[in-house]
Amino acid sequence: MLREFGIPGTVAPVDPDNAAGRWKVYDTADPATRTDITADALAALAAAVRASGIHPGERGKGQGPTRGFIVPPTDD
């Protein structure tokens, strides 16, 4: 959703060694230098959804559940 609305951020687990744990939005993927921007990203996402005129439940209506994947960036 962040990318779809053009909101910057990298979603990653709080503990890089525990992918099953809590996740947050960070300014960069590097665990040593990243800053938590979850609150700002969620606020920006909420504003973007409101501005788009899309209401919860409208997207993909009639298509059943939608799943996505988080693909970590490569360091290439």
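The values are calculated or read from the model by the stated rules, or taken from the named source; none is laboratory data. Every value quoted in this text rests on a predicted model; they were computed, and no experiment measured them. No Cβ is skipped: glycine too gets one built from the backbone with ideal geometry, and neighbour counts run over all protein chains shown. Side chains included, ligands, DNA and RNA excluded: accessible areas come from the protein's heavy atoms. Shrake-Rupley method; radii C 1.70, N 1.55, O 1.52, S 1.80 Å.
In this structure region 1-43 gives 68 Å² per residue of accessible area when probed at 1.4 Å with all protein chains present. Summarising the amide proton neighbourhood of residue 14: residues at separation of 5 or more, or on other chains, whose placed amide H is nearer than 5 Å comprise 22, 23, 24.
In this rough spin-label picture, where each label sits 7 Å from Cα along the Cβ direction, the residue 2-residue 52 distance is 1.5 nm. Sites listed here are trypsin sites (Lys or Arg not before Pro) in region 3-56 whose DSSP assignment is loop and whose Cβ has at most 10 other Cβ atoms within 10 Å: 3, 22.
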